[in-house]
Amino acid sequence: MSEMINAPPLRLDGVARRYISGEETLDVLRGADLTLHPGEIVALVAPSGTGKSTLLHLAGLLEKPDAGCVMLAGQDAGALADRERTQLRRDRIGFVYQFHHLLAEFSARENVMLPQMIAGVPRRDARVRADELLGAFGLGHRLEHLPGKLSGGEKQRVAIARALANRPHVLLADEPTGNLDVNTSDAVFDALLETVRAHGVAALIATHNMDLARRMDRIVTLRDGLVVPLHGTEGDVRGG
């Protein structure tokens, strides 16, 4: 039990993933290792087609590896039944995508309340938590607004608040500011870094923007199916 308490929030140990199409086999990951520590923010920077999305899907328990282990706080997710994996994903992991994916018929507050209520949090407590998070993101005056009445930056801040609503141990983000203009992107990213660090969340953030990546604690990339440190890179790394 003490090993699980002291275990890192996320550890990928020798993770491999391959895809088979007809007679062709594509080995995307070939034994990737990655450890995230509490409060650590890691940038994942790599060109299109190298396996960024696959790595995020495995870390988020959306896919299962063909080999290796995905450990969440010392718990081997591969040893769990599908229902247990779903619960672990709901309780321990927050997701932020390039597009906000907010529910259009619900207010900003309700979008942040819903994942909590699905997890069994009483409505009153979920409302308090939603107001607290949205206030921290400067949206205290927009609580009742529907997504259609929010700007792009405001929508993405609501999406980040939603991802943090259930107090996850791990935050996974895929180009969280990639759909925003430069000024809005900087403001949203500032709010993301400040909130993640304040809550001690371990974060893995995929981005092509090296200016943003350099503001994180370290930068990794994917090379030949492995996670490796990225050093001495200038400019943006482009790709889909």
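The values are calculated or read from the model by the stated rules, or taken from the named source; none is laboratory data. Remember, predicted model here, so these are calculated numbers, not experimental data. All Cβ positions, even for glycine, are placed from backbone atoms using ideal geometry, and neighbour counts span all protein chains on display. The area values use the complete protein model at the heavy-atom level, side chains included, leaving out ligands, DNA and RNA. Shrake-Rupley method; radii C 1.70, N 1.55, O 1.52, S 1.80 Å.
General observations
Table: residues versus (1) more than 24 Å from Pro38 (Cβ to Cβ); (2) small (Gly, Ala, Ser); (3) open to solvent by 40 Å² or more (accessible area, probe 1.4 Å); (4) out of contact with any helix residue (DSSP H, G or I) (no Cβ under 9 Å at 6 or more places or on another chain).
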residue	(1), (2), (3), (4)
Asp131	yes, no, yes, no
Ser151	yes, yes, yes, no
Gln156	yes, no, no, no
Asn183	yes, no, yes, no
Ala191	no, yes, no, no
Ala206	no, yes, no, no
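- For segment 133-142, the tally of residues that are under 20 Å from Arg167 (Cβ atoms) and either crowded, with 19+ Cβ neighbours inside 10 Å or not small (Gly, Ala, Ser) (or both) stands at 4.
- Among residues of segment 54-96, those that are assigned to a strand (DSSP E or B) and over 17 Å from the mean Cα position of the chain (by Cα), counted: 5
- Only one entry of Asp76, Asp82, Asp66 meets the criterion of being among the charged types (D, E, K, R), touching a residue at least 40 places away in the same chain (Cβ under 8 Å) and either surrounded by 15 or more Cβ atoms within 10 Å (Cβ to Cβ) or more than 13 Å from Ala202 (Cβ to Cβ) (or both), and that entry is Asp66.
- Scanning segment 174-207 for residues that are at pLDDT below 90, within 13 Å of Gln98 (Cα to Cα), under 15 Å from the mean Cα position of the chain (by Cα) and not in a helix (DSSP H, G or I) gives Asp174, Glu175, Pro176, Thr177, Gly178, Thr207.
- Within the option set Leu146, Leu88, Leu102, being open to solvent by 10 Å² or more (accessible area, probe 1.4 Å) and either closer than 30 Å to Arg30 by Cα or of a type in the set (Phe, Trp, Tyr) (or both) holds for one residue only, Leu88.
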